[in-house]
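Accompanying notes for the structure given below.
The values are calculated or read from the model by the stated rules, or taken from the named source; none is laboratory data. Being a predicted model, the structure only gives us computed values, none of them experimental. Virtual Cβ from ideal backbone geometry, glycine too; neighbours counted across all protein chains shown. Side chains are part of the model used for accessible areas, which takes the heavy atoms of the whole protein and leaves out ligands, DNA and RNA. Shrake-Rupley method; radii C 1.70, N 1.55, O 1.52, S 1.80 Å.
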Amino acid sequence: MRLARTEPTDQEPDIRARPPLVREFLLVAGLFLAYKFGRQAANGHVEEAFRNAGSVWDLERALHLPGEGAVQGLLLHSQPLTHAANTYYAAVHFPATALFLIWLYWRRPAHYVRSRRVLAALTGAALVLHLLFPLAPPRMLPAAGLVDTGQVYGPTVYGQTPATDTMANQFAAMPSLHVGWAVMVALGLIAATRSRWRLLWLLHPAITLFVVVGTANHYWLDAIVVVALLAVALAAFRLPLSARTVPARLPGPGAWGSGEGTPGPAYAGGARLAASGMYEGGVRPAISEAPVASGTYAGGAR
């Protein structure tokens, strides 16, 4: 019988599924620049960003979510740990996602196409939310009472005056693409590899969540919303069947020993029809008749 394994394969990649390199480079670079300029266009809504921050903070307390300060308190016990968290926030986000896409492109082309589409859709949805819902991060909210660990302990990717920061929009906390991209990287690598240790990739989004909350750059709700958006994007862009299923066949020349055509149906007991799929007159042979080519008698007796 023909079997199917729904697990990734470590065989050589199918180069037919690999898009042209130059086109992909220009596409990804274009999407990145569109997102960066889009975030800049959303800058300047300072008063609205602080009003929204107060609403998010009150909603989290109404939902009995843990305070962001509890996570930051763990960091502040150790200055080296705080510095490491700031470094992780500043230096891992983009390189990890870029390396993820590059590896998929060369080793798992079909997985790459889906992951690129999901990341593009997620980033586009995040940009829309940045425009519609500017949000000051918890490090700026007086009611939160949190420390801006980037400014105090370094390093930081943000300027000291958020309202005039020309390098980044500091009022785009909702949703957290740090968390969304990290979750996608982990899920993509788990789906595309077969290592028994592949679940350890989940440490990346777990550490990222700890870092973005502990450094007071994001609220819990920023992470919850981006995971919900990612779930929608993953459902919209299903992995192609050819990338999910690895066919396995019984040993023998060709699929059924004939090397031609599609295998006929197998009957209970192991008997199968001849290559034409039908005997003279359309009658199935009795048990006493000669064996078929597979070496198994009708009824399963040998």
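Total residues in segment 115-146 satisfying the condition of being within 15 Å of Gly188 (Cβ to Cβ) and of a type in the set (Gly, Ala, Ser): the figure is 3. Summed over segment 135-159, the residues that are open to solvent by less than 20 Å² (accessible area, probe 1.4 Å) and of a type in the set (Ser, Thr, Tyr) give a count of 1. Could you tell me whether Val152 is part of a helix (DSSP H, G or I), within 22 Å of Ala235 (Cβ to Cβ) and of a type in the set (A, V, I, L, M, F, W, C)? When the stated conditions are applied, Val152 does not pass them. From the list Gly159, Gly150, the lone residue that is farther than 30 Å from Pro19 by Cα, touching a residue at least 60 places away in the same chain (Cβ under 8 Å) and among the small types (Gly, Ala, Ser) is Gly150. Scanning segment 68-87 for residues that are under 22 Å from Trp201 (Cα atoms) and either touching a strand residue (DSSP E or B) at 6+ places or on another chain (Cβ under 9 Å) or open to solvent by 30 Å² or more (accessible area, probe 1.4 Å) (or both) returns Leu81, Ala84, Thr87.
Being part of a helix (DSSP H, G or I), modelled with pLDDT of 90 or more and touching a helix residue (DSSP H, G or I) at 6+ places or on another chain (Cβ under 9 Å), is that true of even one residue in segment 35-48? No, that holds for no residue. Each residue in segment 57-67 was checked for being part of a helix (DSSP H, G or I) and crowded, with 16+ Cβ neighbours inside 10 Å, and 2 pass.
In segment 88-134, of all residues being out of contact with any Leu (no Cβ under 6 Å at 6 or more places or on another chain) and among the charged types (D, E, K, R), the one that is surrounded by the fewest Cβ atoms within 10 Å (Cβ to Cβ) corresponds to Arg117. The single condition among (1) open to solvent by 70 Å² or more (accessible area, probe 1.4 Å); (2) at pLDDT 95 or above; (3) of a type outside the set (Ser, Thr, Tyr); (4) over 14 Å from the mean Cα position of the chain (by Cα) that Arg196 does not satisfy is (2). Only one entry in Leu76, Leu27, Leu65 is aliphatic (A, V, I, L, M), under 24 Å from Pro155 (Cβ atoms) and at pLDDT 80 or above, namely Leu76. Taking residues in segment 44-64 that are free of Cβ contacts under 8 Å to residues at least 40 places away in the same chain, and partners anywhere that are assigned to a helix (DSSP H, G or I), the pairs with Cβ atoms closer than 9 Å and at least 6 places apart or on different chains are Asp58/Ala143; Leu63/Trp220; Leu63/Leu221.
Within segment 174-204, being in contact (Cβ under 8 Å) with a residue 60 or more places away in the chain, in contact with a Pro (Cβ under 7 Å, 6 or more places away or on another chain) and closer than 18 Å to Thr215 by Cα holds for one residue alone: Ala182. Number of residues in segment 105-159 that are over 29 Å from Leu65 (Cβ atoms) and touching a Ser or Thr at 6+ places or on another chain (Cβ under 7 Å) equals 1.
Outside any helix (DSSP H, G or I), surrounded by 13 or more Cβ atoms within 10 Å (Cβ to Cβ), at pLDDT below 95 and in contact with a Phe, Trp or Tyr (Cβ under 8 Å, 6 or more places away or on another chain): is that true of Pro13 in this structure? For Pro13, the condition - outside any helix (DSSP H, G or I), surrounded by 13 or more Cβ atoms within 10 Å (Cβ to Cβ), at pLDDT below 95 and in contact with a Phe, Trp or Tyr (Cβ under 8 Å, 6 or more places away or on another chain) - is met. Scanning segment 207-239 for residues that are of a type in the set (A, V, I, L, M), under 14 Å from the mean Cα position of the chain (by Cα) and more than 19 Å from His130 (Cβ to Cβ) yields Ala231, Leu234, Ala235, Ala236, Leu239. Scanning segment 174-193 for residues that are touching a Leu at 6+ places or on another chain (Cβ under 8 Å) and either assigned to a loop (DSSP other than H, G, I, E, B) or open to solvent by 10 Å² or more (accessible area, probe 1.4 Å) (or both) returns Met174, Pro175, Leu177, Trp181, Val183, Leu187, Ile190, Ala191.
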